[in-house]
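First up is the structure itself, then whatever we jot down about it.
Quick note: the coordinates plus some simple rules give every number you see, no bench work behind them. Since the model is a prediction, treat every value here as computed from it, not as a measurement. Quick reminder, even Gly has a Cβ in these numbers, built from the backbone with ideal geometry, and neighbours come from all protein chains shown.
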Amino acid sequence: MLPEIENLLRLQEADKEIRRLQDEIAELPKRVAVIEHKLAGTKAGLDKAQAAVKADEAARRKYETAITDSRSKISKYRDQSLDVKTNEQYKALLHEIQFAETEIAATEDKILSLMVNADARDQEVKAAQAELAAEAAEIEKEKIEARQRTAVDESQLTEWRAKRDQMRAGVNEDLLHHYERVAKFRGSGISEVRDHKCMACQVMLRPQTYNEVRTGQQTVVCDSCQRILYFNPANEMLALEPEHKRSRRHHPKIDAPQAWYYRQEFAEAGEVFLCLANAAGQSSRRVFDMHTGRLVGDILSREGDFRHAFPEDITGAIRLNGSWTEHEMENWGTEMPMTALDSLHIDLEAARYEMSSRTSGKPEKPTAVPTEQAAS
C-alpha cells in the first residue's frame, strides 16, 4: 500500500472522529433543552395544582360572601315584615326570605364540596412539589454531566484537529485536494476495494481497475463515486473464508468438452483466460486478456481433443469454472461481457484461496499449479 494511502486512511479516521465530536458538541445544547423542557412540564403541573387550590379558595370566599349577603337580606326582610299592613305584603316578604334561605343552603353545599376536595388538592400540590424537587436535582446533575462532556469533547476536538493538520502534511497536495473535495460531498474520500467492488458505493470495478488497486503501485480513483481506492488483502481473505467454510468450490469435470484456464503468462499478452473447446473432431482456443476481457489474436483451431492439441497451454494453468455456448461466445465479438469476466475473476480468487489453504492452511497467494492438481 502506498504511504500516501496509509496517511489518507489515518486522515479519514481523524476526520470521522472530528465529525463525531462536532456532532456530539452540537447535540449537547439540544439535550439540555430537552431536560429543561421536561422540568418546565413538571413545573407547569405544580402551577396547575396550585392554581386549582387558589381557585377553590377564591370560590369559597365568594360563596361565604354570598351567604353573608343572603343572611343580611333575610334580616332585612324580617324587619320589614313587622311594618307591613296587608297579607299580600307579608306573603311577598316571606317568599323572599324562603328564596334567600334556599340560596344559602345551596351555597353551603358548594362550600362543603370544596372542603371535601381540599385534601385531594393539597395532596396533588405536595406530590407535584416533591416531583419537581426530585427532577430539579436529577436535571441539574444531568446538566453538569452535559457541560463536563462538552468540555472533554472540545479538548479532544482540539487534539484531533492538531493531529489532522500533521496528517495532511504527509499527503500530496493534489491528492489531498481530491480527497477533501469528495469527502465534502460524500462524507468520505477514500474507500476499500473488496470482492471486485468499491465498498463505499457498492459498484463493481472493471478487472483492470481492480488489479491496479491490488498492486498498490499507483493511486486509483473509483469511476462511480470518485473516492480514492485501496486494497487490504487480509480483509479480502476474511471475506472469502466464511464462504468456503459454508460450501466447497465446485470443480469442473476433467472430461468436459469445454474448459477455461488462467495463465499467469502467455506470450506477450501477460495474464490471460483461455477457453479450449472440442467440437466435431476438432478443438479451438480463444485467448482473452484477463484485465479487459478483450480477445487476444485470432481463434486457433487444431485437429483432435484440446488436451492433446494444446498441451503447452494447459500445463501450469489453473482450471476454472466456465461454460458458455459457442453461439454465446460468437455474439461476444472481440470482448467478453463484464458478467462473464467477473465470474472468472471470482472463481480464480476462490481457486487460489483453496490451493493456499491446502498447502499451508493460511490464505496466501499461490503460484500457478499444473492443471491436474487444480482440477482435482
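A few points about this structure:
- Dipole magnitude for the chain: about 720 debye, using +1 per Lys or Arg Cβ and -1 per Asp or Glu Cβ, origin at the Cα centre.
- Antiparallel beta bridges, as assigned by DSSP with both residues in the range 175-231, represent about 55 percent of the total such bridges.
- Simple point charges give the picture: +1 on the Cβ of Lys and Arg, -1 on the Cβ of Asp and Glu, and for the range 180-334 a dipole about the Cα centre of about 700 debye.
- Mean residue ellipticity, 222 nm, helices only, the chain: the sum of -39500 (n - 2.57) across DSSP H runs of n ≥ 4, divided by residue count and rounded to 500, is -22500 deg cm²/dmol.
- Given their separation in residues at 0.36 nm each and the Cα-Cα distance between them, ALA120 and ALA105 gain 3.0 nm when the chain is fully extended.
- Point-to-point label distance, MET338-GLU312, nm (Cα→Cβ direction, 7 Å offset): 3.6
- Simple Cβ-charge dipole of the range 176-240, Lys/Arg +1 and Asp/Glu -1, about Cα centre, in debye nearest 20: 180
- When you work out D = kT/(6 pi eta Rh) for the range 134-264 at 4 °C and 1.567 mPa s, using the Kirkwood radius from C-alpha pairs as Rh and the Stokes-Einstein form, the result is 67 µm²/s.
- Reciprocal mean inverse distance between Cα atoms of the range 175-231 - Kirkwood radius, Å: 11.0
- Projecting the Cα positions of ALA92, ALA200, THR68 onto the charge dipole of the chain (unit charges on Cβ atoms of Lys, Arg, Asp and Glu, taken about the Cα centre) puts ALA92 furthest along the positive direction.
- Estimated inter-spin distance, ASP165 and VAL34, nm [label 7 Å along Cα→Cβ]: 3.5
- Mean separation of Cα contacts under 8 Å, 6 or more apart, over the residue count of the chain: relative contact order %: 14
- Convex hull volume of the Cα atoms of the range 12-161, normalised per residue: 120 Å³.
- Straight-distance candidates among the lysines for linking to LYS197, with alpha-carbon spacing under 21 Å and chain neighbours fewer than 8 residues away dropped: LYS365.
- With N as its number of residues, the range 123-173 has a Cα radius of gyration that, divided by 2.2 N^0.38 Å, comes to 2.23.
- Alpha-carbon gyration tensor eigenvalues x 5, square-rooted, for the chain, Å: 95, 29, 18
- In terms of Cα atoms, the Rg and Dmax of the range 1-72 work out to 31.0, 104 Å.
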